Amino acid sequence: MSVQVEIPTALRSFTEGASRVGVEGATVGEALGALARRFGGLQRHLFTEDGKLRSFVSVYLNDEDVRYLGRESTPVRNGDTLRIIPSIAGGTPGAVAYPSLSRLSRAPPPTGPRPLSREQLKRYSRQLLLPEVGTAGQRKLLGAKVLLVGAGGLGSPVALYLAAAGVGKLGLVDFDQVDESNLQRQILYTTSDVGTPKVEAAERRLQALNPEVSIVRHEGRLTSASAFEVLSGYDVIVDGTDNFPTRYLVNDAAVLLRKPVVYGSIYRFEGQVTVFDARAGPCYRCLYPEPPPPGLVPSCAEGGVLGVLPGIIGSLQAMETLKLLLGQGDTLLGRLVLFDGLALSFRELKVRKDPQCPICGEHPTQTKLIDYEAFCGLGEAAAPKGPEISPVELKEKLDQGAAVVLVDVREPGEFEITHLPGSKLIPRAALPDRLGELSTADDLVLVCKVGARSAQAAEFLRSMGFAKARNLRGGIDAWVREVDPSLPNY
């Protein structure tokens, strides 16, 4: 059978840039196996060592998740389309209507309607004209509480639109400071905010936009110890995170607290958005039961992102949040929207509640929060251990004319911005397929931006017999700080 496989942006580096590949096979497993044989780098992304589909990659046959068909054994027909949906992470038949806000919040209903002030009638007049909002809906928004986890690319448009709409209380969770590289997409901030904690700069901007909105700053990392206390005071949680440990933490805490999550994720030109609520539909673990191994899925910091993309996805998240608060329309509960900016196309896929889900299934096995760094294979225990060299030591060896082979494992766009003279570019994901370009006799020094990816790459090379592979401690960032400040940084 001839089947078309749609390749997401994150995996196109393995298919020579192709976004759609034709393969032959009678089943999903045969078709994907043919794809992996043609493009060897995809094998470890799609299959486990025993040939099973990986749990952190969702595969859809046309518009149906193969996990609810026959998995790898699902038969395919001529003309079918397989869609690979990797974790980056109502209205249709089978969708569940979303409960109104009165069923979302445990807070007691207001004792009586409070009239809008003259200033409020003027400020919100355009949405008051909507029958789905009106004065009653506006009072709901003014009394609503929304938590934004992440005040970056996605959190920026969400925060601005919710504040403008008059959502009464906005909580902001972020631990970072504004960096110059944020300004291309994080529209909450301006050049004068560089170096300022994001929650501080965000509060200032949002209060300038709408002084009557209450901004609550939660500065610091969200952890298993703090998640219940932070999330419990809000009606809706908006997931604008950029890492897997926090994403699974937000999901699990929201499930246990019985709160909805408006989810969005972005990468390069593509985005995903949906609504999770375990009371009426699936949670994030129903879509992605397990995280990918560390380093397998590139982040926006590694692969890049067009600045307008988080604006589009974040605006959709803001829309879904307002619908939840107003109790209007059909939300994306049970539906995953995929956006492709290069094709300017939207596609909708069904997301089912997994009865075997460990936290929201019929017989949950997880009833409390866990160590999410360990769950995602991160943290000190999981960090690669092995030989390292400091930037100053490397500079001395190079000045002495030592035969050092520098292997840069970043992405091509990063390499183009800045790199060490004489270094060879082999992106980390391509390393297993390009071992023939290296010699086990060479003194190899692996380089990335901050030393994490290169540490993993060095560990991999040593396991493959390259005993002299070492990591440049601190990466390019440390080299710029300690050796050559004239090099550009990013």
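The values are calculated or read from the model by the stated rules, or taken from the named source; none is laboratory data. All figures in this text were calculated on a predicted structure; none of them were measured in a lab. For neighbour counting, all protein chains shown are included, and Cβ atoms are generated from backbone atoms with ideal geometry for every residue, glycine included.
On the given criteria, is residue 121 closer than 30 Å to residue 417 by Cβ and of a type in the set (A, V, I, L, M)?
no
State all residues of segment 407-453 that are of a type in the set (Ser, Thr, Tyr) and under 20 Å from residue 305 (Cα atoms); if no residue qualifies, say none.
418
Among strands (runs of 3 or more DSSP E) lying entirely in segment 373-490, which contain 2 or more residues that are of a type in the set (A, V, I, L, M, F, W, C) and either closer than 29 Å to residue 179 by Cβ or more than 31 Å from the chain's Cα centre (by Cα) (or both)?
Correct list: 404-408, 443-447.
Find the residue count for segment 59-78, including only residues that are more than 15 Å from residue 351 (Cα to Cα) and assigned to a loop (DSSP other than H, G, I, E, B).
Result for segment 59-78: 5.
For a quick check of your reading of the model, give me the residue pairs whose first member lies in segment 244-256 and is over 10 Å from residue 284 (Cβ atoms), whose second is in a helix (DSSP H, G or I) and small (Gly, Ala, Ser), with beta-carbon atoms closer than 7 Å and at least 6 apart or on different chains.
Going by the 7 Å Cβ cut-off, the qualifying pairs are 249/227; 253/227.
Would you point out the residue of segment 350-365, among those that are within 30 Å of residue 330 (Cα to Cα) and more than 23 Å from the chain's Cα centre (by Cα), that is surrounded by the most Cβ atoms within 10 Å (Cβ to Cβ)?
361
Please state which of the following conditions residue 336 fails to meet, knowing it meets all the rest: (1) out of contact with any helix residue (DSSP H, G or I) (no Cβ under 8 Å at 6 or more places or on another chain); (2) assigned to a strand (DSSP E or B); (3) under 30 Å from residue 226 (Cβ atoms).
Checking residue 336 against (1) out of contact with any helix residue (DSSP H, G or I) (no Cβ under 8 Å at 6 or more places or on another chain); (2) assigned to a strand (DSSP E or B); (3) under 30 Å from residue 226 (Cβ atoms), the one that fails is (1).
Considering every residue within segment 115-123, establish whether at least one is assigned to a loop (DSSP other than H, G, I, E, B), surrounded by fewer than 22 Cβ atoms within 10 Å (Cβ to Cβ), modelled with pLDDT of 95 or more and in the same structural domain as residue 278 (by TED's automatic domain parsing).
There is no residue in segment 115-123 that is assigned to a loop (DSSP other than H, G, I, E, B), surrounded by fewer than 22 Cβ atoms within 10 Å (Cβ to Cβ), modelled with pLDDT of 95 or more and in the same structural domain as residue 278 (by TED's automatic domain parsing).
So if I check each of 128, 170, 160, which one is farther than 18 Å from residue 309 by Cβ, in the same structural domain as residue 237 (by TED's automatic domain parsing) and buried (at least 21 other Cβ atoms within 10 Å of the Cβ)?
170
Which residues, counting only those in segment 178-195, are among the hydroxyl-bearing types (Ser, Thr, Tyr) and either over 23 Å from residue 308 (Cα atoms) or assigned to a helix (DSSP H, G or I) (or both)?
181, 191, 192
Among the candidates 143, 220, which residue alone is in the same structural domain as residue 117 (by TED's automatic domain parsing) and closer than 20 Å to residue 119 by Cβ?
143
Would you mention how many residues in segment 10-31 are outside any loop (DSSP other than H, G, I, E, B) and touching a Leu at 6+ places or on another chain (Cβ under 9 Å)?
Count: 7.
Could you check segment 37-67 and list, in sequence order, the residues that are under 21 Å from residue 291 (Cβ atoms) and of a type in the set (Phe, Trp, Tyr)?
Across segment 37-67, the qualifying residues are 47, 56, 60.
Would you say residue 469 is of a type outside the set (S, T, N, Q), within 24 Å of residue 13 (Cα to Cα) and in contact with a strand residue (DSSP E or B) (Cβ under 8 Å, 6 or more places away or on another chain)?
The answer is no for residue 469.
Please determine whether any residue of segment 203-211 is part of a loop (DSSP other than H, G, I, E, B), under 30 Å from residue 129 (Cβ atoms) and polar (S, T, N, Q).
Yes; the residues of segment 203-211 include at least one that is part of a loop (DSSP other than H, G, I, E, B), under 30 Å from residue 129 (Cβ atoms) and polar (S, T, N, Q).
Can you pull out every residue in segment 233-259 that is at pLDDT 95 or above and assigned to a loop (DSSP other than H, G, I, E, B)?
234, 235, 258, 259
Quick one: in segment 407-438, which of the residues that are within 17 Å of residue 466 (Cβ to Cβ) and among the basic types (Lys, Arg) is modelled with the lowest pLDDT?
Selected residue: 428.
Yes/no matrix, rows are residues, columns are (1) buried (at least 16 other Cβ atoms within 10 Å of the Cβ); (2) not small (Gly, Ala, Ser):
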| site | (1), (2) |
| --- | --- |
| 201 | yes, no |
| 225 | no, no |
| 228 | no, yes |
| 233 | no, no |
| 236 | yes, yes |
| 242 | yes, yes |
| 245 | yes, yes |
| 265 | yes, no |
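For segment 40-58: of the residues being surrounded by 14 or more Cβ atoms within 10 Å (Cβ to Cβ) and part of a helix (DSSP H, G or I), which is nearest to the chain's Cα centre (by Cα)?
The extreme case among them is 45.
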